[in-house]
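Presented below is the structure to which this report refers.
The values are calculated or read from the model by the stated rules, or taken from the named source; none is laboratory data. Keep in mind that what you see is a predicted model, and the values were worked out from it rather than measured. We place every Cβ from the backbone using ideal geometry, glycine too, and count neighbours over all the protein chains shown. Ligands, DNA and RNA are stripped out before the accessible areas are found, and what is left, the full protein with its side chains, is counted by its heavy atoms. Shrake-Rupley method; radii C 1.70, N 1.55, O 1.52, S 1.80 Å.
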Amino acid sequence: MPSSASDVEAAPFASETRVAVAAAEEAGALLRGRFGAARAVGVKDAEGDVVTDLDLAAEKLILARLQTHFPHDRILSEEAGLLDAVSRRTWLVDPLDGSNNVAIGLTAYAVGIGLCVDGAPVVGVVHEPVTGSTWRAVRGQGAACGPDPAISAGGTPCARS
């Protein structure tokens, strides 16, 4: 991991990681704050997976943040589908992984955001709103959980089972 603030800024994908972490955590706060009021708005497949109003609200927030910071990147989001652009970079967004759980009142859900360049994953972020835990990984830099080193003193290595 980078050892100083200047190293963080020079690290590959530092800006992308910072934006993805912030978007995931902001969406997580929205999900956590509106958890008890979630309502299903449709069924999206034969397996009975639901789409809730929270899926759509969290997705809208994440897409707006990504499009503001990276307007030329493609985005493939679970609910909106492909927002195409001419780019080697594609963001992958699952604004609410665990919609069925939320719809029945279980607090097992997460927000996931990833970035691929030429089809290869380079950034991954998962935020778990109930505990506030955020995990991130950057190609060639390992994985960490806890505070984003671009914003604070540094993250801690993820626990291994």
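Quick look at the numbers
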read-out: Residue within region 86-94 that is under 25 Å from Arg18 (Cα atoms), at pLDDT below 90 and among the hydrophobic types (A, V, I, L, M, F, W, C) present; value: yes
read-out: Per-region count, region 77-106, residues within 13 Å of the chain's Cα centre (by Cα), more than 18 Å from Arg39 (Cα to Cα) and surrounded by fewer than 18 Cβ atoms within 10 Å (Cβ to Cβ); value: 1
read-out: Subset of region 119-129 [among the hydrophobic types (A, V, I, L, M, F, W, C) and open to solvent by 50 Å² or more (accessible area, probe 1.4 Å)]; value: Val126
read-out: Residues that are of a type outside the set (A, V, I, L, M, F, W, C) and at pLDDT 95 or above, drawn from region 134-147; value: Thr134, Arg136, Arg139
read-out: Scan of region 17-38 for residues that are in contact (Cβ under 8 Å) with a residue 24 or more places away in the chain and among the basic types (Lys, Arg), ordered by number; value: Arg18, Arg32
read-out: Residues satisfying the stated conditions in region 107-118, i.e. farther than 16 Å from Glu16 by Cα and exposed (fewer than 13 other Cβ atoms within 10 Å of the Cβ); value: Ala108
read-out: Residue in region 148-160 that is open to solvent by 70 Å² or more (accessible area, probe 1.4 Å), at pLDDT below 95 and closer than 26 Å to Ala57 by Cβ present; value: yes
read-out: Close pairs from region 79-106: first over 13 Å from Leu31 (Cα atoms), partner among the basic types (Lys, Arg), Cβ under 6 Å, at least 6 apart; value: Asp84/Arg74; Ala85/Arg74; Ser87/Arg74; Thr90/Arg74
read-out: All helices (runs of 4 or more DSSP H) inside region 1-71 with 2 or more residues being open to solvent by 30 Å² or more (accessible area, probe 1.4 Å), within 28 Å of Arg88 (Cα to Cα) and at pLDDT 80 or above; value: 14-33, 53-69
read-out: Residue count for region 104-137, restricted to those that are out of contact with any strand residue (DSSP E or B) (no Cβ under 7 Å at 6 or more places or on another chain), on the phi < 0 side of the Ramachandran plot and among the charged types (D, E, K, R); value: 0
